[in-house]
Amino acid sequence: MRTISFFLVLIAASLVSRAQTERKLPVYGEVGMGAGQTLFFGDIRTKLQQAILAEAFEPGIAGNFLLAFYVAPERWKGFGLGARLKFSGSGGGATDDQGGEYFFNYYNLGVSAKYYPLSRQFNKGLYTRASLGTGQMTTKHQFNDAAETYVHQFAIGSTLTGGLGWTFPLRNKSISIESEFEYSRRNGTISGVGDGQLFQSGQLGANVYLTF
């Protein structure tokens, strides 16, 4: 799934580059950072307890790093289409008999769309964003023992995010402030339980972007 997503984005980037050369389409690049509260849905807490052997833990605050590009011809009236990559990582409060530590991080890559309904001009004013992609979640439980042993858990699946923000144009660039909600469904394996275990998680946070 990650390979398919990666090649789809490469193909999209190639087509965009060709279209830009032939028709001079405007392409916008973004780099951003942010933070948000990690969210657990369904029985992910129980499954993570089984997977990383932690007796109790709480989802923590995650730091975000984001990259994106959008194609937005003027005739699209404020609509842009492209691709987006997001990395997130957070710590949580894991407890065991020896006081182990728990970490939670993931990434996703996929298609992204933005629309500016008020200005009808891309990269100016109020906008909404929707992104759909695939990616991997990794958890780690490090035991506080003499050998410093740890347990890893991996899960792969899909991620849907929605954002609402405002873009402030500058001379040659712009700055955007955005609130974001994320929902992910990923499948992994738990030792002693088996394959096909569904992990549902998400994030509620805010990001700041520089567009150029």
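The values are calculated or read from the model by the stated rules, or taken from the named source; none is laboratory data. Note that the structure is a prediction, hence the values are computed from the model and not measured. Here Cβ is always computed from backbone atoms with ideal geometry, including for glycine, and neighbour counts include all displayed protein chains.
Between ARG186, ARG171, which is at pLDDT below 95, exposed (fewer than 15 other Cβ atoms within 10 Å of the Cβ) and under 27 Å from TYR209 (Cβ atoms)?
ARG171
Hey, any hits in region 54-71 for a residue that's farther than 21 Å from GLY202 by Cβ and either in contact with a Cys (Cβ under 8 Å, 6 or more places away or on another chain) or free of Cβ contacts under 8 Å to residues at least 12 places away in the same chain (or both)?
Residues of region 54-71 that are farther than 21 Å from GLY202 by Cβ, as a first pass: 55, 69-71.
Imposing the further condition that a residue be either in contact with a Cys (Cβ under 8 Å, 6 or more places away or on another chain) or free of Cβ contacts under 8 Å to residues at least 12 places away in the same chain (or both) reduces the set to none.
Among the residues of region 54-71, not one is farther than 21 Å from GLY202 by Cβ and either in contact with a Cys (Cβ under 8 Å, 6 or more places away or on another chain) or free of Cβ contacts under 8 Å to residues at least 12 places away in the same chain (or both), which makes the answer no.
Can you tell me which residue in region 157-168 is surrounded by the most Cβ atoms within 10 Å (Cβ to Cβ), limited to those that are within 13 Å of GLY202 (Cβ to Cβ) and polar (S, T, N, Q)?
THR159
Can we say THR139 is within 13 Å of the chain's Cα centre (by Cα) and not hydrophobic (A, V, I, L, M, F, W, C)?
no
If only one of PHE212, PHE143 is more than 15 Å from SER88 (Cβ to Cβ), at pLDDT below 95, out of contact with any Leu (no Cβ under 9 Å at 6 or more places or on another chain) and of a type in the set (Phe, Trp, Tyr), which one is it?
PHE212
Starting from region 133-156, take each residue that is within 14 Å of GLY202 (Cα to Cα) and assigned to a loop (DSSP other than H, G, I, E, B) and list its partners that are at pLDDT below 75 and of a type outside the set (Val, Ile, Thr), counting only C-beta distances under 8 angstrom and pairs at least six apart or across chains.
So the pair list comes out empty.
Just name the residue that is nearest to TYR107 (Cα to Cα) out of those in region 60-82 that are among the aromatic types (Phe, Trp, Tyr) and buried (at least 20 other Cβ atoms within 10 Å of the Cβ).
Going through region 60-82, the residues among the aromatic types (Phe, Trp, Tyr) turn out to be 65, 69-70, 76, 79.
From the residues that got through so far, the ones that are buried (at least 20 other Cβ atoms within 10 Å of the Cβ) too are 69-70.
Numbers: PHE69: 17, TYR70: 19 Å.
Going through the qualifying residues, I end up with PHE69.
Under the condition of being more than 30 Å from GLY196 (Cα to Cα) and assigned to a loop (DSSP other than H, G, I, E, B), which residue from region 1-48 is modelled with the lowest pLDDT?
Across region 1-48, the extreme among qualifying residues is LYS24.
Evaluate the following for GLY165: is it in a strand (DSSP E or B), of a type in the set (Gly, Ala, Ser) and more than 30 Å from VAL31 (Cβ to Cβ)?
no
Which numbered condition trips up LEU204, out of (1) in contact (Cβ under 8 Å) with a residue 60 or more places away in the chain; (2) in contact with a Leu (Cβ under 7 Å, 6 or more places away or on another chain); (3) surrounded by 14 or more Cβ atoms within 10 Å (Cβ to Cβ)?
Among (1) in contact (Cβ under 8 Å) with a residue 60 or more places away in the chain; (2) in contact with a Leu (Cβ under 7 Å, 6 or more places away or on another chain); (3) surrounded by 14 or more Cβ atoms within 10 Å (Cβ to Cβ), LEU204 violates only (3).
Let me confirm something: among PHE87, PHE103, which residue is outside any loop (DSSP other than H, G, I, E, B), within 15 Å of the chain's Cα centre (by Cα) and at pLDDT below 95? Quick ask: steps written out before the conclusion?
Details: PHE103 fails: within 15 Å of the chain's Cα centre (by Cα).
Result of the check over PHE87, PHE103: PHE87.
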